[in-house]
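The values are calculated or read from the model by the stated rules, or taken from the named source; none is laboratory data. Keep in mind it's a predicted model, so treat the numbers as computed, not measured. Every residue, glycine among them, receives a Cβ derived from its backbone with ideal geometry; neighbour counts consider all protein chains shown. Accessible surface areas use protein heavy atoms only, side chains included; no ligands, DNA or RNA. Shrake-Rupley method; radii C 1.70, N 1.55, O 1.52, S 1.80 Å.
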Amino acid sequence: MVFIKSINKNIFPHYLPPEEDELFSSWLCRLAINHYVKPQTFIQNYFGKDFPIMNRDIDLYAPENLINILEHHTPLNNYDIRKMFLTIYESYAFEKVGEKGTYTNNILPLGINHRKRKRFGLSLCSCCLKNKNYYKKSWRLITSLICVECNQYLLDRCFSCSAPIAFHRINMSNNVSTMDFKPIYLCYNCNQDLRKYTPTLLPLPFEIKYQRFIDSTIQLGYNKVCSYSFFYIYTLLYLSYKVRGQRRNNRFKEAILSINHKLKKSSTIKEHIKYWTIEQRLETLPFIAKLLNNPLKLKKTLINGRVHKSYVDQDKVLPYWFIKNTIN
């Protein structure tokens with residue numbers, strides 16, 4: 001550690017600040033490489049051998065003892081540290097973080113098995129990676145489909161070998177005799193440069209409109225149709241799964257599919273929405289959001305389909321604002 005008199009702290013000797021919207025695990029890996037050690041070695045040296053960082057979703061479950069260590073050994077204050085974790089989205093992108101081992105609404109699961117990743121719980125924008133080599137928090141959200149700054153679809157797996165994006169595994173070799181570090185924009189499985197991905201299609205205008213609306217909703221905490229952003233997003237994901245994920249047809253599903261012939265031809269998705277690919281989410285979420293943003297059209301669609309509350313909300317989990325505005 002290096003003592004900095006102006007802030008009265010012993011900080012990491014090769015400290016570097018996090019980037020805008022950077023995911024904690026991304027910053028930690030960059031910090032380790034900046035110290036010329038592998039991430040796991042850095043963790044063992046500064047946090048202890050038994051500190052479970054890479055074998056759990058550390059970006060979602062931010063332990064207080066980890067935050068305390070960072071607060072004592074970086075120039076960052078408590079809030080700046082917490083901003084790197086997904087918990088900062090609480091009451092915005094989702095209502096609250098689920099209990100350990102349970103699903104958190106709107107967060108893509110990683111499918112962790114020790115330090116391996118079985119699910120596609122992290123997306124990326126190849127253009128953003130070209131500009132700066134780090135991963136963003138927003139790329140862990142189910143509702144994130146497009147980078148509106150770069151005008152391209154996000155990618156949720158290696159375009160060469162289809163392996164999940166797991167930058168923490170890039171420098172996991174047990175060979176300690178070499179100090180040849182690989183950058184975190186590579187695929188851990190095949191070493192493909194993920195920045196080289198070139199989309200064959202550009203986002204459609206209504207898809208970009210969807211993403212801008214979702215981003216604004218999360219940032220503000222509300223939108224034009226709902227006073228609470230997390231209620232809106234919960235309803236969006238619930239109805240999307242009800243339309244595409246339920247095998248059994250009911251009046252609600254039939255009514256919605258009757259006004260979208262393209263979606264009607266798409267196959268039913270057996271898995272929970274948290275496991276859907278970006279392509280599957282792109283087919284569904286922007287359309288359902290468009291309906292939610294036009295309550296009169298949605299209400300008319302449900303009336304024409306003779307859809308009553310019991311067909312939409314059998315589990316009685318939908319918020320009052322949706323029931324009041326759309327269902328008789």
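Restricted to region 63-83, and to residues that are farther than 16 Å from N8 by Cβ and not in a helix (DSSP H, G or I), which residue is most open to solvent (accessible area, probe 1.4 Å)?
Ranking the candidates gives K83 first.
For residues in region 265-300 being over 24 Å from the mean Cα position of the chain (by Cα) and of a type in the set (D, E, K, R), which is most open to solvent (accessible area, probe 1.4 Å)?
That would be K265.
Enumerate the pairs (first residue in region 41-54 and closer than 15 Å to M172 by Cα and among the small types (G, A, S); second residue anywhere and crowded, with 17+ Cβ neighbours inside 10 Å and at pLDDT below 85) with beta-carbon separation below 8 Å, excluding pairs fewer than 6 apart on the same chain, so at least 6 apart or on different chains.
Pairs found: none.
Test R30 against the stated conditions and say whether it is open to solvent by 30 Å² or more (accessible area, probe 1.4 Å), within 27 Å of P109 (Cβ to Cβ) and not in a helix (DSSP H, G or I).
Details: open to solvent by 30 Å² or more (accessible area, probe 1.4 Å): yes; within 27 Å of P109 (Cβ to Cβ): yes; not in a helix (DSSP H, G or I): no.
Judged against the criteria, R30 is not a match.
Would you mind telling me which numbered condition in (1) of a type in the set (A, V, I, L, M, F, W, C); (2) surrounded by fewer than 16 Cβ atoms within 10 Å (Cβ to Cβ); (3) touching an Asp or Glu at 6+ places or on another chain (Cβ under 8 Å) I303 fails?
Answer for I303: the failing condition is (3).
Quick check on my filter: what residues within region 1-16 are part of a loop (DSSP other than H, G, I, E, B) and in contact (Cβ under 8 Å) with a residue 12 or more places away in the chain? Full working, then the answer.
Initial filter on region 1-16 (part of a loop (DSSP other than H, G, I, E, B)): 1, 5-8, 12-16.
Passing the criteria: M1, I7, F12, P13, H14, Y15, L16.
Test each condition in (1) closer than 23 Å to P286 by Cβ; (2) at pLDDT below 90 for N171 and report the one that comes out false.
Unmet condition: (1).
Considering region 34-62 alone, what residues qualify as being more than 21 Å from T102 (Cα to Cα) and open to solvent by 40 Å² or more (accessible area, probe 1.4 Å)?
The answer is N34, Y36, Q40, T41, Q44, N45, Y46, K49, D50.
Quick check: is even one residue across region 263-278 of a type outside the set (G, A, S), at pLDDT below 90 and over 29 Å from C158 (Cα atoms)?
yes
Check every one of the helices (runs of 4 or more DSSP H) wholly within region 229-311 and list those with 1 or more residues that are touching a Ser or Thr at 6+ places or on another chain (Cβ under 6 Å) and in contact (Cβ under 8 Å) with a residue 12 or more places away in the chain. Before you say what the answer is, go through the steps one by one.
On the way: elements: 229-244, 251-257, 261-265, 278-292, 295-304.
Output list reads 229-244, 251-257, 278-292, 295-304.
Within region 92-113, can you find the residues that are open to solvent by 60 Å² or more (accessible area, probe 1.4 Å) and among the polar types (S, T, N, Q)?
Those that are open to solvent by 60 Å² or more (accessible area, probe 1.4 Å) and among the polar types (S, T, N, Q): T102, N113.
Give me the pairs, please: first residue somewhere in region 76-98 and farther than 22 Å from I214 by Cα, second residue anywhere and open to solvent by 80 Å² or more (accessible area, probe 1.4 Å) and aromatic (F, W, Y), beta-carbon distance under 8 Å, and either six or more positions apart or on two chains.
Taking only residues 6 or more apart or on different chains, not a single pair turns up.
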